[in-house]
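Below is one structure, written out as structure tokens; the observations come after it.
The values are calculated or read from the model by the stated rules, or taken from the named source; none is laboratory data. Quick caveat: nothing in here was measured; it's all calculated off a predicted structure. Glycine also receives a Cβ, built like all others from the backbone with ideal geometry; neighbour counts cover every protein chain displayed. In case anyone asks, the SASA skips ligands and DNA or RNA and just uses the protein heavy atoms, side chains included. Shrake-Rupley method; radii C 1.70, N 1.55, O 1.52, S 1.80 Å.
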Amino acid sequence: MSGNYAIAVIGAGGKMGMRVSNNLARTDHDVRYVENSPAGRERTVDAGRELTDGPAAVADADIVVLAVPDLALGAVTAELVPQMKSGAVCLTLDPAAAYAGLLTERDDVVQAVAHPCHPSIFLQRETPEQWADTFGGIAAPQDAIAAVESDDPAAKTLVEETVRAIYAPVIDVHFVTIKQLAQLEPTLVETVACMIGELLNEALHETVHTMGVPEAAARSILHGHTQVALANGLRGDNPFSDACLIAMKYGRESIIKEDWKKIFQDDELDKNLARMLHLDTITR
Ligand SMILES: NC(=O)c1ccc[n+]([C@@H]2O[C@H](COP(=O)([O-])OP(=O)(O)OC[C@H]3O[C@@H](n4cnc5c(N)ncnc54)[C@H](O)[C@@H]3O)[C@@H](O)[C@H]2O)c1
């Protein structure tokens, strides 16, 4: 299976819905846009797109892209999955709800999840538009991760082509399991990387407001050293200096808890996801 598909976007006026729809509108796919909030409906119409009702949009869709909040996915799939055609794909944009077993499933509907990687910090950017596109999906090429709960090669092709369209421009689509996608996001990238990004900003604030260093100087040295820290730490571009290694050891002893690697255990992943989905526990 390859070519033009019938694609339904549910939540078309939301943050991801608008990104996904902007890209799909540039393709030859037959796209239906569904949105239930007044503000989302207005955004969809203002972008020049026609709204369709959910049941009509999914009835003959090859793939249904669920761009609704994770907390709404249980109710939305309960309503729409029974109305999908046999053999179609139900695609969510985050693994949490699928991993937690909150989605309505059907034997003849393929469950899939796809998440954008966002453009790499090491991407060789060539245009101002690529430099400005830190999120991806506009000008800067990015990879994407996909999980498809089916051995059918046609389902995998349908998901890959849809992912390449909604997150365009896409370099590679990496296929993993839904559990592995949940181990990547939230654990690797939100729990660790995004937390460190926020910590860097807090450290900048303390440097300026607690220690009294001029903000321009602090911001400038932090931004440059963040690049060095990531290039050396992630790619081994240069060795850290001996003095830096001593300061790094002090930082690790002062900031990191000894048992921090527990976040990579299954029971901790479940706790993390339960918090994100506002559940007491995850029962799969
Ligand atoms: N925001 C991000 O940066 C980002 C990145 C990657 C993946 N995601 C995932 O994308 C999905 C959507 O997140 P978001 O941040 O775009 O949410 P959002 O709140 O910005 O948008 C959700 C949209 O869905 C609409 N909606 C809710 N229920 C609906 C229904 N029954 N029928 C039609 N429309 C409905 C809402 O009105 C809203 O416009 C989530 O699974 C999220 O985890 C988000």
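Just give me the residues in the stretch 75-116 being hydroxyl-bearing (Ser, Thr, Tyr), open to solvent by less than 10 Å² (accessible area, probe 1.4 Å) and more than 13 Å from the chain's Cα centre (by Cα), in sequence order. Scanning the stretch 75-116 gives a single hit, 77. Restricting the search to strands (runs of 3 or more DSSP E) fully inside the stretch 92-192 and requiring at least 2 residues that are more than 30 Å from residue 226 (Cα to Cα) gives 110-116, 142-148.
A count restricted to the stretch 74-90 and to residues that are without any contact (Cβ under 8 Å) to a residue 24 or more places away in the chain and over 26 Å from residue 153 (Cβ atoms) stands at 1.
Could you run through the stretch 14-36 and say how many residues are more than 17 Å from the chain's Cα centre (by Cα) and near the ligand (Cβ under 8 Å from one of its atoms)? Of the residues in that region, 3 qualify. In the set (1) touching a His at 6+ places or on another chain (Cβ under 7 Å); (2) under 21 Å from residue 159 (Cβ atoms), residue 71 fails one condition alone, (2). Out of 24, 71, one residue alone is modelled with pLDDT of 95 or more and buried (at least 17 other Cβ atoms within 10 Å of the Cβ). It is 24.
Going by what's in this entry, would residue 6 be described as away from the ligand (no atom under 11 Å from the Cβ), within 20 Å of residue 111 (Cα to Cα) and out of contact with any strand residue (DSSP E or B) (no Cβ under 8 Å at 6 or more places or on another chain)? It is false that residue 6 is away from the ligand (no atom under 11 Å from the Cβ), within 20 Å of residue 111 (Cα to Cα) and out of contact with any strand residue (DSSP E or B) (no Cβ under 8 Å at 6 or more places or on another chain).
When the residues of the stretch 50-78 are filtered to those that are touching a helix residue (DSSP H, G or I) at 6+ places or on another chain (Cβ under 7 Å) and among the acidic types (Asp, Glu), the one that is nearest to the ligand (Cβ to nearest atom) is 70.
Starting from residues that are of a type in the set (A, V, I, L, M, F, W, C) and open to solvent by less than 60 Å² (accessible area, probe 1.4 Å), keep the ones in the stretch 185-210 and report whichever is nearest to the chain's Cα centre (by Cα). Break it down stepwise before answering.
Quick first cut of the stretch 185-210, residues of a type in the set (A, V, I, L, M, F, W, C) only: 188-189, 192-196, 199-200, 203-204, 208.
The next check asks that each one be open to solvent by less than 60 Å² (accessible area, probe 1.4 Å); those that pass are 189, 192-193, 203-204, 208.
Numbers: 189: 10, 192: 15, 193: 13, 203: 26, 204: 27, 208: 32 Å.
Selected residue: 189.
Condition test on residue 62, is it of a type in the set (Asp, Glu) and open to solvent by less than 30 Å² (accessible area, probe 1.4 Å)? Show your work before the answer.
Values: of a type in the set (Asp, Glu): yes; open to solvent by less than 30 Å² (accessible area, probe 1.4 Å): yes.
When the stated conditions are applied, residue 62 passes them.
The residues on offer are 284, 252, and the sole one that is open to solvent by 80 Å² or more (accessible area, probe 1.4 Å) and either farther than 18 Å from residue 233 by Cα or in contact (Cβ under 8 Å) with a residue 40 or more places away in the chain (or both) is 284.
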